[in-house]
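Worksheet: the structure to be examined is printed underneath.
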Amino acid sequence: MQNYLEELNDAQREAVLHRDGPIMIVAGAGSGKTKVLTTRIAHLLANGVDAFRILALTFTNKAAAEMRERVEKMLGNNQARNLYIGTFHSVFARILRAEAEKLGYPKNFSIYDTDDAKSVVKTVIKEMGLNDKTYKPSIVYNRISGAKNSLITPEEYQNDAVIQSHDAKAFRPLLGKIYAAYAERCFRNGAMDFDDLLLKFYQLLTTFPESLSKYQRKFQYIMIDEYQDTNNVQYQIIKLLGAMHENVAVVGDDAQSIYSFRGATIENILRFQKDYEDARVVKLEQNYRSSQNILNAANVVISKNKGQIPKKLWTSNVVGEKIRLVETASDSDEGKFIADQIQEQKLRNHFLNKDFAILYRTNAQSRSFEENLRKMNIPYRIYGGISFYQRKEIKDFLAYLRVIVNPNDEESLKRIINYPARGIGKTTVERAVLFANENNLSLWDTLRNSAQSGLKGASAGAIKDFVLMIEMFASEMAKKDAYDLAVLVGKHTGLMKELFSDKTTEGLVRYENVQELMNAIKEFSMTPTEDGELLDKGLGSYLQQITLLTDADDDEGDSNVVKLMTIHAAKGLEFPVVFVVGLEENLFPSGMSINTLEELEEERRLFYVAITRAKTKLYLTYADTRYRFGNLILNDPSRFVEELPKDQIERTAFGPRREQPFSRRGSSYGAAAIAERRYGPPPQKEKPVYTVAKPSTKLTEHEPSAGFAPTDVNLLDVGSRIEHQRFGFGEITKLEGAPHNRVATIRFDSNGEKKIMLNYAKLMLVQ
């Protein structure tokens with residue numbers, strides 16, 4: 001038996017040694033799923049399976065790189081370089097490069113990120129003469145993205161009566177036409193957005209039988225990491241690719257399915273055994289991360305969910321400390337308590353800053369923690385800020401590189417045609433775009449033939465020089481690697497000179513950012529390729545790599561700072577000390593996610609994920625009062641607090657003394673009562689009817705419009721036509737109460753009349 005098998009526990013070894021046939025590996029938090037996946041790949045290679053026959057799909061490039069490195073280390077050779085390991089998007093983009101012409105795309109098609117795609121949507125909306133307040137680009141883009149991930153084409157979208165009815169009720173009846181125009185514009189630009197990489201690959205497999213057969217034969221063994229996070233189109237593609245051999249191994253944890261807002265569906269993992277009747281199921285329940293007390297709490301919490309694959313995490317680690325549940329007087333006290341604890345733990349137990357993580361439900365909660373950490377000079381970093389590759393100066397430089405590879409990329413062309421300024425004004429560009437649209441030409445062809453396109457005057461010479469410069473760059477592409485070509489671009493466009501001449505603090509930062517980009521391109525050009533088929537270090541390969549980076553692939557570095565992030569962003573990470581904050585009803589669980597059993601169970605899974613990030617110390621905190629939307633809110637503890645096992649919890653308080661040690665939902669000593677004794681009665685004379693709509697078995701479910709965004713309550717009045725995320729469309733018939741505490745009577749189309757407190761219920765004005 002090979003040495004790599006000796007380090008596995010019994011369940012892990014069973015998962016690795018199962019070679020042929022479908023298998024579902026239910027991997028609990030911290031149970032070593034990456035180790036199982038990589039060892040399974042190594043075992044296949046060690047037993048004669050060709051590396052080119054193995055497909056392993058992940059959700060981050062970082063995870064893919066780690067898997068490849070582990071396989072190489074186990075086997076001590078370079079076989080792993082020939083594996084198809086990567087994210088869904090990167091692997092499918094790689095295949096589409098070779099097959100794109102079948103779908104009418106050039107091999108060097110551009111890949112639009114979310115910002116690029118929204119820009120195209122905005123252009124289409126403007127050209128159609130539509131009101132961008134009604135047809136908000138972000139809402140329209142999200143609707144299009146959702147359609148693609150549901151395998152709905154523009155034609156199907158426009159012919160679906162249910163979809164058309166939904167758009168009409170949302171006062172966006174032309175959304176289907178925007179979708180069609182957007183798809184046509186991307187096609188003309190020789191570009192695919194992120195969703196297209198999935199949709200077009202699915203269309204390749206379903207439209208061209210020879211392509212389906214080719215990749216079914218090629219990928220004899222298929223492995224999918226984080227299977228609970230797959231959406232419908234990913235699920236369908238896996239079904240197609242695995243149909244010939246059925247050697248499909250999926251690894252995931254239904255208890256960590258928390259991305260329904262991205263289109264992920266927990267049903268994919270729950271129905272695996274129905275899809276493959278002879279599938280083997282292996283449960284990895286031994287946890288190598290956390291103390292037993294932390295796991296006991298996690299087991300009890302997740303057991304409340306009905307929709308799950310039963311399992312119970314255990315560990316051979318120490319029992320550990322009890323979980324500290326801390327009630328604070330306010331959100332400010334919550335921030336102070338956590339900063340104090342971090343300082344105390346650093347002094348008493350020699351923890352480093354990087355050992356601490358503060359996890360919250362929403363990004364808006366970070367303020368009080370930032371303020372208190374700064375007061376105590378504790379360095380921190382907020383995860384989820386602007387990505388390096390989304391910075392303006394980086395996107396400007398990359399736009400030049402993208403146009404060199406694909407001159408039909410209209411979005412990139414418009415971005416750089418007059419940057420740095422070269423005398424090609426906005427009016428000239430708009431005239432060129434109009435001519436291109438009217439004559440069904442690309443913008444690049446219009447610029448190349450500027451005289452025939454009617455582009456005259458002083459800008460005509462500047463356009464000619466610009467075209468010649470891009471063509472010169474393109475001619476060098478076959479001779480130079482990505483770095484040398486980037487140096488040429490920076491010099492001849494005047495971009496580096498433009499940035500260097502700005503001596504402001506912001507200007508210096510922008511210049512340094514572009515220098516860092518050059519360093520990254522240099523590193524790419526010098527690093528030995530891991531791809532057995534794409535052996536070049538050219539510009540096209542580099543652009544594909546960086547365009548497909550996910551949020552989780554941002555360089556974290558090893559900086560010694562406290563980490564602040566949402567729980568969603570923390571999935572897959574672990575920390576010695578974790579603070580899960582804001583455990584208050586209507587905040588966590590979210591008040592917008594407690595109207596159906598499915599939503600509430602996902603919120604509970606999110607809590608489970610938060611708990612299982614902790615290795616040795618876990619703090620759970622909530623505040624009696626919190627400022628939200630400019631108002632002081634009186635809170636009750638989250639229902640999840642009541643679900644925790646009492647014998648695993650050590651309850652404490654922080655802030656002004658209270659008559660009772662702890663508040664309990666619905667009791668006379670609840671958070672609201674304690675706050676009233678401290679701060680006096682709330683400003684309103686009457687209690688609101690209710691703050692958040694209560695679940696009802698008679699509720700007619702409503703799917704909110706894509707990109708639903710609450711309207712400022714001051715804009716709402718009697719007669720306003722509104723949309724509620726769960727109750728649907730309705731009309732405000734009455735408003736009562738003080739301006740800061742108004743209660744609206746709303747007559748809903750499908751759910752009757754309800755009274756809702758405006759400061760709590762998120763309503764979107766639709767008329």
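Structure data summary
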| quantity | calculated |
| --- | --- |
| Among the residues listed as ARG324, ARG348, the single one being free of Cβ contacts under 8 Å to residues at least 24 places away in the same chain and of a type in the set (D, E, K, R) | ARG348 |
| Those residues of segment 22-48 which are open to solvent by less than 10 Å² (accessible area, probe 1.4 Å) and either touching a Pro at 6+ places or on another chain (Cβ under 7 Å) or within 25 Å of LYS239 (Cβ to Cβ) (or both), in sequence order | PRO22, ILE23, MET24, ILE25, VAL26, ALA27, VAL36, LEU37, THR38, ARG40, ILE41, LEU44 |
| Cβ pairs under 8 Å, 6+ apart, first in segment 611-640 and modelled with pLDDT of 85 or more, second of a type in the set (Lys, Arg) and in a loop (DSSP other than H, G, I, E, B) | THR612/ARG289; LYS615/ARG289; ASP636/ARG665; PRO637/ARG664; PRO637/ARG665; ARG639/ARG665 |
| Complete set of residues in segment 600-647 that are among the hydrophobic types (A, V, I, L, M, F, W, C) and over 26 Å from the mean Cα position of the chain (by Cα) | ALA623, LEU632, ILE633, LEU634, VAL641, LEU644 |
| Members of segment 302-323 that are of a type in the set (A, V, I, L, M) and surrounded by fewer than 21 Cβ atoms within 10 Å (Cβ to Cβ) | ILE309, VAL318, VAL319 |
| When residues of segment 89-123 are limited to those that are open to solvent by less than 20 Å² (accessible area, probe 1.4 Å) and of a type in the set (Gly, Ala, Ser), the one nearest to LYS136 (Cα to Cα) | ALA117 |
| Unmet criterion (only one of (1) among the β-branched types (Val, Ile, Thr); (2) in a helix (DSSP H, G or I); (3) under 20 Å from THR123 (Cα atoms)) for ILE404 | (3) |
| Count - residues of segment 127-160 that are open to solvent by less than 40 Å² (accessible area, probe 1.4 Å) and either assigned to a helix (DSSP H, G or I) or in contact (Cβ under 8 Å) with a residue 60 or more places away in the chain (or both) | 14 |
| Residue in segment 419-436 that is within 27 Å of THR114 (Cβ to Cβ), buried (at least 19 other Cβ atoms within 10 Å of the Cβ) and not β-branched (Val, Ile, Thr) present | yes |
| Restricting segment 278-300 to residues that are buried (at least 20 other Cβ atoms within 10 Å of the Cβ) and hydrophobic (A, V, I, L, M, F, W, C), the residue that is nearest to LEU618 (Cα to Cα) | ILE294 |
| Filtered residue count, segment 446-492, keeping only those that are within 14 Å of ASN406 (Cα to Cα), part of a helix (DSSP H, G or I) and touching a residue at least 24 places away in the same chain (Cβ under 8 Å) | 3 |
| Sole residue being touching a residue at least 24 places away in the same chain (Cβ under 8 Å), crowded, with 18+ Cβ neighbours inside 10 Å, closer than 30 Å to GLY32 by Cα and β-branched (Val, Ile, Thr), chosen from ILE404, ILE382, ILE394, ILE342 | ILE342 |
| Residue identified as touching a residue at least 12 places away in the same chain (Cβ under 8 Å), within 28 Å of the chain's Cα centre (by Cα) and open to solvent by 70 Å² or more (accessible area, probe 1.4 Å) among ARG53, ARG70 | ARG70 |
| Selected residue (only one of ASN247, ASN293, ASN268, ASN231 is out of contact with any helix residue (DSSP H, G or I) (no Cβ under 7 Å at 6 or more places or on another chain), over 24 Å from GLU7 (Cα atoms) and among the polar types (S, T, N, Q)) | ASN247 |
| Filter result for ILE163 (under 21 Å from ILE125 (Cα atoms), assigned to a helix (DSSP H, G or I) and in contact (Cβ under 8 Å) with a residue 40 or more places away in the chain) | no |
| Search result, residues across segment 244-259 that are within 15 Å of ALA570 (Cβ to Cβ) and among the charged types (D, E, K, R) | ASP253 |
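The values are calculated or read from the model by the stated rules, or taken from the named source; none is laboratory data. All of these numbers come straight from a predicted model, not from anything done at the bench. Positions of Cβ are backbone-derived with ideal geometry, glycine not excepted, and every protein chain shown enters the neighbour counts. Heads up: the accessible areas ignore ligands, DNA and RNA and are worked out on the full protein's heavy atoms, side chains in. Shrake-Rupley method; radii C 1.70, N 1.55, O 1.52, S 1.80 Å.
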